[in-house]
Amino acid sequence: MRLDRWLANQPCFNRAKAQQLLAQGRITVDGQVCRDGLHEVGRFQQIDLDQQPLQAAQTARYYLLHKPRGVVSATRHSQHKTVIDLLQVPQAEELHLAGRLDLNTSGLLLISNDGLWTRRLTLPRSRLAKHYWLRTEQPIDPACVSDFARGLLLEGDPRPTLPATLHLLDSHSARLTLHEGRHHQIKRMFACYHNPVRDLHREAIGSLQLGDLPYASWRELSSEEVQRLSREAGAETY
(Lines give C-alpha, C1' and ligand atoms only; values in the text may rest on other atoms or scores of the structure.)
Protein backbone atom coordinates (compact mmCIF):
# COMPACT_ATOMS: atom_id res chain seq x y z
CA MET A 1 0.00 0.00 0.00
CA ARG A 2 1.17 3.56 -0.67
CA LEU A 3 2.52 5.30 2.40
CA ASP A 4 0.23 8.35 2.06
CA ARG A 5 -2.80 6.07 1.79
CA TRP A 6 -1.64 3.99 4.75
CA LEU A 7 -1.29 7.13 6.88
CA ALA A 8 -4.67 8.51 5.79
CA ASN A 9 -6.28 5.22 6.85
CA GLN A 10 -5.06 5.62 10.43
CA PRO A 11 -7.79 6.78 12.86
CA CYS A 12 -5.88 9.89 13.96
CA PHE A 13 -5.08 11.22 10.46
CA ASN A 14 -6.81 12.31 7.29
CA ARG A 15 -5.40 12.74 3.80
CA ALA A 16 -4.34 16.35 4.31
CA LYS A 17 -2.63 15.55 7.62
CA ALA A 18 -0.81 12.63 6.04
CA GLN A 19 0.57 14.87 3.29
CA GLN A 20 1.64 17.45 5.87
CA LEU A 21 3.51 14.91 8.00
CA LEU A 22 5.33 13.59 4.95
CA ALA A 23 6.30 17.07 3.78
CA GLN A 24 7.64 17.91 7.25
CA GLY A 25 9.85 14.80 7.24
CA ARG A 26 8.29 13.47 10.43
CA ILE A 27 7.56 9.98 9.06
CA THR A 28 10.25 7.30 9.01
CA VAL A 29 10.09 3.86 7.42
CA ASP A 30 12.52 1.33 8.84
CA GLY A 31 14.42 4.19 10.45
CA GLN A 32 14.74 6.30 7.30
CA VAL A 33 12.90 9.59 6.74
CA CYS A 34 10.40 9.16 3.92
CA ARG A 35 8.72 12.12 2.21
CA ASP A 36 7.42 10.12 -0.75
CA GLY A 37 3.74 9.33 -0.34
CA LEU A 38 3.93 6.86 -3.23
CA HIS A 39 6.46 4.72 -1.36
CA GLU A 40 5.05 1.19 -0.96
CA VAL A 41 4.84 -0.15 2.59
CA GLY A 42 3.72 -3.45 4.07
CA ARG A 43 3.24 -5.14 7.39
CA PHE A 44 6.90 -6.13 7.60
CA GLN A 45 8.05 -2.51 7.88
CA GLN A 46 8.41 -0.27 10.92
CA ILE A 47 6.59 3.05 10.48
CA ASP A 48 7.21 5.85 13.01
CA LEU A 49 5.99 9.40 13.61
CA ASP A 50 8.50 11.57 15.47
CA GLN A 51 10.28 8.35 16.52
CA GLN A 52 7.07 6.96 18.02
CA PRO A 53 5.77 3.74 16.45
CA LEU A 54 2.67 3.80 14.30
CA GLN A 55 3.28 0.23 13.15
CA ALA A 56 5.71 -2.30 14.56
CA ALA A 57 7.30 -4.42 11.87
CA GLN A 58 6.17 -8.03 11.79
CA THR A 59 8.74 -10.71 11.12
CA ALA A 60 8.69 -12.13 7.61
CA ARG A 61 9.16 -15.90 7.62
CA TYR A 62 10.38 -17.93 4.66
CA TYR A 63 10.48 -21.73 4.71
CA LEU A 64 11.83 -24.43 2.41
CA LEU A 65 10.05 -27.77 2.79
CA HIS A 66 10.99 -31.18 1.42
CA LYS A 67 7.44 -32.21 0.57
CA PRO A 68 6.80 -35.96 0.75
CA ARG A 69 4.40 -37.86 -1.45
CA GLY A 70 0.86 -38.20 -0.12
CA VAL A 71 0.79 -34.73 1.45
CA VAL A 72 -1.43 -32.01 -0.04
CA SER A 73 -0.01 -28.64 -1.11
CA ALA A 74 -2.68 -26.65 0.72
CA THR A 75 -3.18 -24.76 3.95
CA ARG A 76 -6.05 -27.06 4.99
CA HIS A 77 -7.71 -30.22 3.70
CA SER A 78 -10.53 -32.38 5.01
CA GLN A 79 -8.98 -35.73 4.04
CA HIS A 80 -5.20 -35.44 3.75
CA LYS A 81 -2.34 -34.08 5.80
CA THR A 82 -1.16 -30.74 4.42
CA VAL A 83 2.27 -29.20 4.05
CA ILE A 84 1.31 -26.70 6.78
CA ASP A 85 0.72 -29.62 9.15
CA LEU A 86 4.33 -30.68 8.57
CA LEU A 87 5.70 -27.27 9.54
CA GLN A 88 4.00 -26.98 12.93
CA VAL A 89 5.04 -23.35 13.43
CA PRO A 90 3.22 -20.48 15.22
CA GLN A 91 0.71 -18.39 13.24
CA ALA A 92 0.48 -21.09 10.59
CA GLU A 93 -2.80 -19.54 9.41
CA GLU A 94 -0.76 -16.62 8.00
CA LEU A 95 1.29 -18.81 5.66
CA HIS A 96 1.03 -18.93 1.87
CA LEU A 97 2.42 -21.41 -0.66
CA ALA A 98 4.66 -20.23 -3.49
CA GLY A 99 3.22 -22.67 -6.01
CA ARG A 100 2.10 -26.24 -5.46
CA LEU A 101 3.16 -29.83 -6.01
CA ASP A 102 0.70 -32.61 -6.84
CA LEU A 103 -0.32 -35.05 -4.11
CA ASN A 104 2.12 -37.74 -5.30
CA THR A 105 4.93 -35.36 -6.28
CA SER A 106 7.77 -34.78 -3.83
CA GLY A 107 10.45 -32.15 -3.50
CA LEU A 108 11.13 -28.49 -2.88
CA LEU A 109 8.22 -26.28 -1.82
CA LEU A 110 8.44 -22.67 -0.65
CA ILE A 111 6.13 -21.32 2.07
CA SER A 112 5.99 -17.84 3.63
CA ASN A 113 3.78 -15.40 5.51
CA ASP A 114 4.86 -12.80 2.93
CA GLY A 115 1.97 -13.20 0.51
CA LEU A 116 3.27 -10.53 -1.85
CA TRP A 117 6.56 -12.41 -2.21
CA THR A 118 4.90 -15.79 -2.84
CA ARG A 119 2.57 -14.28 -5.45
CA ARG A 120 5.40 -12.56 -7.29
CA LEU A 121 7.45 -15.76 -7.41
CA THR A 122 4.57 -17.53 -9.15
CA LEU A 123 3.55 -14.81 -11.61
CA PRO A 124 3.78 -16.11 -15.20
CA ARG A 125 6.06 -13.23 -16.19
CA SER A 126 8.69 -14.24 -13.61
CA ARG A 127 9.53 -17.42 -15.60
CA LEU A 128 11.53 -18.67 -12.62
CA ALA A 129 13.24 -21.95 -13.52
CA LYS A 130 11.93 -25.08 -11.80
CA HIS A 131 14.07 -28.22 -11.96
CA TYR A 132 12.65 -31.76 -11.73
CA TRP A 133 13.78 -35.36 -11.75
CA LEU A 134 11.28 -37.82 -13.21
CA ARG A 135 10.76 -41.45 -14.11
CA THR A 136 8.27 -42.69 -16.69
CA GLU A 137 6.43 -45.97 -17.19
CA GLN A 138 7.68 -46.48 -20.76
CA PRO A 139 11.04 -45.62 -22.34
CA ILE A 140 11.29 -41.91 -23.09
CA ASP A 141 11.06 -41.06 -26.78
CA PRO A 142 14.27 -39.16 -27.70
CA ALA A 143 12.09 -36.82 -29.79
CA CYS A 144 10.82 -35.37 -26.52
CA VAL A 145 14.09 -33.45 -26.14
CA SER A 146 13.57 -31.33 -29.26
CA ASP A 147 9.77 -31.25 -28.95
CA PHE A 148 9.92 -29.93 -25.39
CA ALA A 149 12.50 -27.33 -26.46
CA ARG A 150 10.10 -26.04 -29.14
CA GLY A 151 7.02 -26.17 -26.92
CA LEU A 152 3.94 -28.40 -26.97
CA LEU A 153 0.32 -27.44 -27.45
CA LEU A 154 -1.42 -29.31 -24.65
CA GLU A 155 -5.06 -30.30 -24.87
CA GLY A 156 -7.31 -27.51 -23.65
CA ASP A 157 -4.57 -24.86 -23.57
CA PRO A 158 -4.73 -21.82 -25.87
CA ARG A 159 -0.97 -21.53 -26.39
CA PRO A 160 2.06 -23.85 -26.51
CA THR A 161 4.22 -24.48 -23.46
CA LEU A 162 7.31 -22.36 -23.02
CA PRO A 163 10.56 -23.98 -24.18
CA ALA A 164 11.67 -26.62 -21.66
CA THR A 165 15.00 -28.41 -21.26
CA LEU A 166 14.92 -32.22 -21.05
CA HIS A 167 18.11 -34.11 -20.21
CA LEU A 168 17.84 -37.89 -20.54
CA LEU A 169 19.54 -39.87 -17.77
CA ASP A 170 18.61 -43.37 -18.94
CA SER A 171 15.78 -45.01 -20.88
CA HIS A 172 13.12 -44.18 -18.27
CA SER A 173 14.42 -41.20 -16.28
CA ALA A 174 15.34 -37.61 -17.01
CA ARG A 175 15.80 -34.14 -15.59
CA LEU A 176 13.45 -31.43 -16.81
CA THR A 177 13.57 -27.65 -16.40
CA LEU A 178 10.38 -25.61 -16.81
CA HIS A 179 9.83 -21.85 -16.75
CA GLU A 180 6.12 -21.96 -16.01
CA GLY A 181 3.74 -24.00 -13.87
CA ARG A 182 0.58 -25.12 -15.62
CA HIS A 183 -1.83 -27.59 -14.03
CA HIS A 184 -0.29 -31.10 -14.11
CA GLN A 185 2.02 -29.77 -16.82
CA ILE A 186 4.76 -32.43 -16.79
CA LYS A 187 2.31 -35.33 -16.72
CA ARG A 188 0.34 -33.74 -19.56
CA MET A 189 3.49 -33.20 -21.62
CA PHE A 190 4.45 -36.86 -21.39
CA ALA A 191 0.83 -37.87 -21.96
CA CYS A 192 1.29 -36.50 -25.49
CA TYR A 193 3.57 -39.53 -25.99
CA HIS A 194 1.27 -41.94 -24.11
CA ASN A 195 3.92 -42.33 -21.42
CA PRO A 196 2.69 -41.91 -17.82
CA VAL A 197 5.00 -40.24 -15.30
CA ARG A 198 5.41 -42.60 -12.35
CA ASP A 199 7.78 -40.58 -10.14
CA LEU A 200 8.23 -36.81 -10.04
CA HIS A 201 10.49 -34.84 -7.72
CA ARG A 202 11.32 -31.11 -7.70
CA GLU A 203 15.01 -30.59 -6.98
CA ALA A 204 15.36 -26.82 -7.26
CA ILE A 205 13.67 -23.49 -7.91
CA GLY A 206 15.98 -21.02 -9.59
CA SER A 207 19.37 -21.33 -7.91
CA LEU A 208 17.79 -22.59 -4.67
CA GLN A 209 18.56 -26.29 -4.24
CA LEU A 210 16.75 -28.80 -2.05
CA GLY A 211 20.13 -30.34 -1.32
CA ASP A 212 20.34 -33.00 1.39
CA LEU A 213 17.37 -31.73 3.43
CA PRO A 214 15.73 -34.90 4.82
CA TYR A 215 12.41 -36.13 3.51
CA ALA A 216 9.43 -34.33 5.15
CA SER A 217 11.79 -31.85 6.86
CA TRP A 218 12.00 -28.08 6.54
CA ARG A 219 14.32 -25.19 7.24
CA GLU A 220 14.14 -21.41 7.20
CA LEU A 221 15.64 -19.57 4.25
CA SER A 222 18.48 -17.18 4.93
CA SER A 223 18.06 -13.52 4.07
CA GLU A 224 20.59 -13.95 1.27
CA GLU A 225 18.61 -16.85 -0.21
CA VAL A 226 15.36 -14.87 -0.08
CA GLN A 227 16.92 -11.85 -1.76
CA ARG A 228 18.68 -13.95 -4.41
CA LEU A 229 15.52 -15.81 -5.35
CA SER A 230 13.61 -12.53 -5.41
CA ARG A 231 16.09 -11.05 -7.86
CA GLU A 232 15.88 -14.11 -10.09
CA ALA A 233 12.09 -13.82 -10.20
CA GLY A 234 12.07 -10.03 -10.52
CA ALA A 235 10.26 -9.88 -7.17
CA GLU A 236 10.79 -7.63 -4.18
CA THR A 237 10.90 -8.20 -0.45
CA TYR A 238 10.30 -5.79 2.39
Q: Those residues that are in a loop (DSSP other than H, G, I, E, B) and under 21 Å from N113 (Cβ atoms), I need them from segment 1-45; list them, please.
A: M1, D30, V41, G42, R43, F44, Q45
(Q) Being touching a residue at least 40 places away in the same chain (Cβ under 8 Å) and closer than 24 Å to L65 by Cβ is true for just one of G99, G115. Which residue is that? (A) G99
Q. Taking segment 101-159 only, how many residues are β-branched (V, I, T) and over 24 Å from the mean Cα position of the chain (by Cα)?
A. 3
**Q.** Pick from segment 158-212, criterion of a type in the set (G, A, S) and free of Cβ contacts under 8 Å to residues at least 40 places away in the same chain, ranking: farthest from E232 (Cα to Cα)
**A.** S171
**Q.** Single residue of segment 33-70 satisfying the filter (under 26 Å from N104 (Cα atoms) and in contact (Cβ under 8 Å) with a residue 40 or more places away in the chain) that is surrounded by the most Cβ atoms within 10 Å (Cβ to Cβ)
**A.** K67
Q: Could you tell me whether F13 is among the aromatic types (F, W, Y), under 27 Å from P90 (Cα atoms) and either exposed (fewer than 13 other Cβ atoms within 10 Å of the Cβ) or out of contact with any His (no Cβ under 6 Å at 6 or more places or on another chain) (or both)?
A: no
Q: Could you please let me know if H184 is under 21 Å from S126 (Cβ atoms) and outside the structural domain of G70 (by TED's automatic domain parsing)?
A: yes
Q | Tally of residues being in a strand (DSSP E or B), surrounded by fewer than 16 Cβ atoms within 10 Å (Cβ to Cβ) and out of contact with any strand residue (DSSP E or B) (no Cβ under 6 Å at 6 or more places or on another chain) across segment 173-212 | A | 1
(Q) Looking at segment 119-130, can you tell me whether even one residue there is among the β-branched types (V, I, T), under 23 Å from L208 (Cβ atoms) and touching a strand residue (DSSP E or B) at 6+ places or on another chain (Cβ under 7 Å)? (A) no
Q) In the list P196, P163, which residue meets the criterion of being touching a helix residue (DSSP H, G or I) at 6+ places or on another chain (Cβ under 6 Å) and farther than 23 Å from H66 by Cα? A) P163
Q) Does any residue of segment 217-236 turn out to be among the hydrophobic types (A, V, I, L, M, F, W, C), modelled with pLDDT of 95 or more and over 23 Å from the mean Cα position of the chain (by Cα)? A) no
Q: Taking R35 as the residue in question, decide whether it is touching an Asp or Glu at 6+ places or on another chain (Cβ under 6 Å) and not assigned by TED's automatic domain parsing to the domain that holds G115.
A: no
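The values are calculated or read from the model by the stated rules, or taken from the named source; none is laboratory data. Source: prediction; values computed, not measured. Neighbour counts run over all protein chains shown; Cβ positions are idealised from the backbone, glycine included.
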